[in-house]
Amino acid sequence: MNLRENLRKALTKRVAVSKPSVSRKVTIEEVPPSERLVLAVYVTIAAIAGLTALEIAYIIAFKTWNSEIFSAITGLVGLVVGTLIGAKA
């Protein structure tokens, strides 16, 4: 499986639906996420990877930590985690 399929699976919402019948069975239906949401999370993860590589290059070149790049990484990680948690709710 590739990353987009894993993201699509992680962002799929499962909803309990009761059938109006005599037995009153409850079934679980899956609601797939929109393609825009999947692509947005995919691009955000790619940006995190790029910023991490930039931070590593900065540390190697200047032998110091760049807090602005780290802040951007932290913000993007929070965005992805919030999206994954919010998609399940």
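No lab work stands behind these numbers, since they all come straight from the coordinates. In this text the structure is predicted, and so the values were computed from the model without any measurement.
The count of lysine pairs in the chain with alpha-carbon distances below 28 Å, taking only pairs 8 or more places apart or on different chains, stands at 7.
Expressed as a fraction of 2.2 N^0.38 Å, the value expected for a compact globular protein of N residues, the C-alpha radius of gyration of segment 10-52 is 1.89. Hydrophobic long helices, here whole DSSP H runs in the chain with Kyte-Doolittle means of at least -0.5 and Cα atoms spread over 30 Å or more along the helix axis, are found at 35-62, 67-88. A viscosity of 1.002 mPa s and a temperature of 20 °C, combined with the Kirkwood radius over C-alpha pairs in the Stokes-Einstein formula, give the chain a diffusion coefficient of 138 µm²/s.
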